[in-house]
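Heads up: the structure comes next, in structure tokens.
What follows is calculated from the coordinates using simple rules that are stated; it is not laboratory data. These numbers were taken from a predicted model, which means no experiment stands behind them. Please note: Cβ atoms are built from the backbone with ideal geometry, for glycine as well, and neighbour counts cover all protein chains shown.
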Amino acid sequence: MKLKGFLSKRRAVTAAVVILLGLFLVRPGVSRLKARIANSISQAVARPVEIGAVHLRFLPRPGFDLENLVICEDPAFGAEPMLRAPEVTAVVRLTSLIRGRLDVSRLELTEPSLNLVRRADGRWNWEALLERTERTPLAPTAKSKSEARPGFPYIEASSGRINFKAGQEKKPYALLNADFALWQESENTWGARLKAEPLRTDMSLSDAGLLLMNGTWLRAGSLRETPLQFSLEWSGAQLGQLTKLVSGNDKGWRGEVRLEATLNGIPAAMRVAVDTSIDNFHRYDISSTDGLRLAAHCNGRYSSVEGTMHEVFCSAPVGNGMITLHGDTGLPGGHRVDLALNLESVPVSAVAQLARRAKKNLPVDLVSAGIVQGNFTVKEEGASPRGPEFQGRGEITNLRLQSATTKVEFASASVPFVLSSKRVGPHSILKGKAGHLLEAEVLPAPDEPHIEYGPVPVALGRPMPAQARGWVARSGYGLSIRGDGEVSHTLRLASLLGLPAIKAVVEGEADMKLQIAGSWAGNISGSSSGFSLPRVNGTAQLHDVHATLRGVNRPVEISSAELQLLSDEVRVEKLRAKAGDADWTGSVVLPRGCGIPGTCLVRFNLNAEEVSLSELSKWLGAQPNQRRWYQMLRSEERTAPMFLENLRASGKVSVGTFRIHNIVAERVSAALDLERGKLKISELRGDVLGGKHRGDWQADFSAESPTYTGNGILTGISLGQIAEAMRDPWITGTAGGTYQLSASGADSTAFWKSAEGELQFDLREGVLAHISLARDEGPLRVGRWQGMMRLQGAKIEIEKGELVSSAGAYEVSGSASLGRMLDLKLTRGTDVKPERVGSQVYSITGTLAEPRVTLTTPETQARLKP
């Protein structure tokens with residue numbers, strides 16, 4: 001018998017060698033083999049097959065190289081081919097050649113494109129292939145050599161692409177770089193293997209992870225009755241890219257996702273187990289120093305007949321507590337849900353840790369304590385316009401939040417909360433533990449399941465605590481606070497909860513009606529984020545508030561004001577405050593969302609009864625002999641800009657009485673525009689020195705040495721008041737004119753030394769008290785004096801002015817220094833010739849207080865007035 005077997009094997013080998021030699025020598029036309037090869041593949045996959053070209057190959061194994069292989073689709077699923085491969089290697093079984101057949105044992109596909117199609121009735125195009133295995137008498141892929149039946153080929157693909165279609169519509173989801181294999185493992189068992197990278201064809205994705213799948217199924221008459229066993233693993237997926245893959249938008253969450261699932265049974269009754277985890281979970285704009293891991297395990301039984309998951313049980317341990325979910329649920333869109341969620345001894349510290357990864361600006365040293373417990377249900381029996389019904393109650397006991405950086409603590413013995421599908425109304429009446437009625441305003445919740453909590457007493461440093469109530473939903477959160485509180489305590493509590501709060505030192509009281517709202521997530525596009533900062537709206541009545549601002553010497557004292565927090569701006573109305581030793585009233589408007597000075601424009605309208613320039617200078621931080629009032633907008637050290645240095649502000653100011661040393665201006669008004677150290681004063685009007693002023697000024701404090709430019713019109717100025725301010729009654733009369741002036745410098749000395757400008761003046765009915773042109777005459781009386789004065793180098797040049805007095809008309813020229821030194825000439829005009837004198841030129845020298853008048857003609861002497 002052994003000899004006979006040996007001879008049989010020898011004959012087979014000899015026949016194979018002869019066939020190979022024949023192929024080498026004869027080289028049959030491969031075009032005649034295309035039909036047989038296509039037919040062999042077609043019988044294996046139960047689809048029409050087309051081949052572009054065939055090339056013989058002998059090494060390392062005999063077979064064929066196929067070009068442009070196309071496996072056609074069942075017309076019921078569309079016209080596009082089910083599979084297309086540019087290069088295919090078909091390996092032939094030698095034993096089939098001996099028997100006169102062409103049996104393909106292995107198909108190796110390079111860069112194939114596979115379409116998986118699902119019809120409207122829910123049937124897939126690959127279901128026919130599975131069902132055909134029950135009727136096909138093919139032998140296993142690794143069949144014995146004595147097996148006469150054709151064997152199912154081992155189909156292997158590399159670097160392929162798997163597309164998904166719904167009818168004729170190609171979905172954006174696909175699997176790239178797909179390596180997959182399909183084989184018949186035994187007489188009644190088939191196997192499949194897949195490794196691929198998920199992607200979306202309509203957008204660029206990276207780090208979507210790697211998908212691995214292994215599975216087997218048994219021979220059955222239909223897919224629903226096919227016993228199968230599959231394992232699936234999805235690892236290395238970045239959470240932001242995963243949300244982009246599923247929803248089309250990067251939701252802004254970060255972390256590495258891992259999912260493992262097993263399916264065992266028939267689709268009509270299949271056991272499903274899933275383990276999922278997210279490592280290093282955090283929001284994209286929150287640095288993750290210590291890793292946070294979220295994990296859960298779920299079991300259930302799936303029925304394809306009902307499209308429902310039965311006996312669902314999910315568990316997620318949280319510290320010493322546990323979160324469980326159990327019940328039945330249909331697939332998304334199935335409108336059948338009956339689930340119960342239980343929270344048992346979940347520590348608040350774990351919730352706070354999650355919140356630090358989801359909510360920005362929470363203190364890094366936040367310490368929390370307390371326990372969360374609750375029982376909730378979600379039910380839906382059939383389609384309903386209201387959707388599933390959510391119900392349940394819970395409680396946070398012994399809640400405590402504390403942070404050393406914010407220097408504040410929040411504690412509450414109990415915080416009740418309710419899960420609801422109903423929309424929260426804008427108002428509700430609550431009853432406290434003592435039976436008192438409390439009115440709490442609540443932001444309307446979105447039309448989605450949400451948790452309502454409160455009322456919660458919030459101690460804000462006042463005898464009666466404020467009341468808080470709010471809601472939390474998947475999309476965001478809302479909170480309302482009503483009651484009295486210390487401003488400083490309220491700001492510190494806001495920082496503890498990660499809410500936007502000003503950084504200035506503020507002390508005082510406020511009666512608040514505030515509403516706070518924000519979202520948990522957003523869409524990331526490029527460098528922009530869809531995450532929104534919490535928005536605080538409402539009103540606050542301020543009383544006896546002291547606010548210290550960096551860059552000013554003393555705090556702003558607000559006796560009362562109404563603070564209105566609107567959606568796009570903050571309005572301070574009915575303001576009564578004290579700053580710079582002056583009492584101010586009016587309003588201030590600040591845009592929302594600026595964050596720091598200099599990014600948004602502050603608008604104001606301020607009024608004061610009396611303002612002193614010296615007191616204003618002291619308030620703005622200037623020290624005697626060190627800093628001047630105009631240095632309020634720039635710091636001596638550039639490394640730490642002052643508050644006002646970066647401020648952008650625009651508005652109007654009116655002052656009843658404005659004192660500049662010993663000069664008093666009344667009914668002063670101006671429009672001010674401040675742009676990061678550059679000040680523009682428009683329409684500066686006021687009653688000054690018995691007359692009126694109107695003009696425009698600009699100052700630039702951003703440079704090392706401030707610069708100033710200005711122009712204006714003076715009318716009806718009392719020269720006697722000027723003399724009184726100079727403490728020397730050297731002149732009287734009324735004057736007007738126009739001026740232009742520019743200067744620079746950090747103090748008054750530098751200012752006047754650099755000052756340049758001109759003054760067109762017109763003096764009427766005046767008296768120069770210290771000047772007399774004749775011995776027996778009194779002070780020089782001026783009917784009119786017109787001319788131009790130029791200021792340069794601390795000296796005033798008078799250019800050909802005309803002075804008309806009772807004695808005649810004179811041409812005035814010369815100069816006067818800012819130190820009150822005179823060098824003037826008065827020349828009598830040629831059209832005036834008094835009888836007792838001839839042509840006369842008077843020289844006036846000396847000081848303004850003691851001038852010396854000399855006459856150039858010998859007949860005339862001038863003398864000083866006693």
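Remark on the stretch 258-355: hydrodynamic radius 15.2 angstrom, per the Kirkwood mean of 1/r across alpha carbon pairs. Excluding same-chain neighbours fewer than eight residues apart, the aspartates and glutamates reachable from residue 680 by a Cα-Cα span under 16 Å are 645, 696, 700.
The packing ranking, built from the mean of other Cβ atoms within 10 Å per residue, places the peptides 713-722, 471-480 in the order 471-480, 713-722, highest first. The three principal axes of the C-alpha atoms in the stretch 648-757 carry coordinate ranges of 42, 31, 23 Å, sorted with the longest axis first. Look at the Cα gyration tensor of the stretch 695-737: its axes a ≥ b ≥ c give a/c of at least 1.5 with a/b at or below b/c, and that counts as oblate. For a 26 Å ceiling on Cα separation, which of these pairs sit above it: 251/360; 678/795; 652/678? The pairs that break the limit, which is 26 Å between Cα atoms, are 678/795.
Quote the convex hull volume per residue of the stretch 731-819, based on C-alpha atoms, as a whole number of Å³.
98 Å³
Here the label points at residue 802 and residue 660, each 7 Å from Cα along the C-beta direction, are separated by 3.1 nm in the simple model.
For the stretch 141-289, the alpha carbon positions stretch 66, 30, 30 Å along the principal axes, listed from largest to smallest. Straight-line cross-link partners of residue 825 among the aspartates and glutamates, defined as a Cα under 20 Å from its Cα and at least 8 positions apart when in the same chain: 758, 762, 777, 797, 799, 802, 811, 850, 859.
Any chance you could run the full-extension gain for residue 845 through residue 788? It's 0.36 nm times the residue separation minus the Cα-Cα distance, nm to one decimal. Show your work: numbers first, answer last.
Details: separation 57, 0.36 × 57 = 20.52 nm, distance 1.96 nm.
Value of the extension gain: 18.6 nm.
Excluding residue 698 itself, calculate the net charge of residues whose Cβ lies under 9 Å from the Cβ of residue 698, where each Lys or Arg counts +1 and each Asp or Glu counts -1. Net of charged neighbours comes to 0. Per-residue extension of 0.36 nm, minus the Cα-Cα distance of residue 725 and residue 605, leaves a gain of 40.1 nm for this segment.
Please report the net charge: other residues with Cβ closer than 14 Å to the Cβ of residue 160, K and R +1, D and E -1.
Net of charged neighbours comes to -2.
Greater than 23 Å separation of Cα atoms is the criterion. Which listed pairs, 171/244; 244/379; 170/379, meet it? Check vs 23 Å cut-off fails for 244/379; 170/379. For residue 407, the aspartates and glutamates whose Cα comes closer than 19 Å to its Cα, not counting residues fewer than 8 places off in the same chain, are 365, 486, 507, 509.
Using the empirical formula 2.2 N^0.38 Å as the baseline, the Cα radius of gyration of the stretch 658-703 reaches a ratio of 1.29. Label separation (residue 301 vs residue 546): 7.4 nm, computed from points 7 Å beyond Cα along the C-beta direction. Packing-based ranking of 192-201, 506-515 yields 506-515, 192-201, ordered from highest to lowest mean Cβ neighbour count within 10 Å. You can think of it this way: the chain between residue 169 and residue 116 has 17.9 nm of extra reach, that is 0.36 nm per residue less the Cα-Cα gap.
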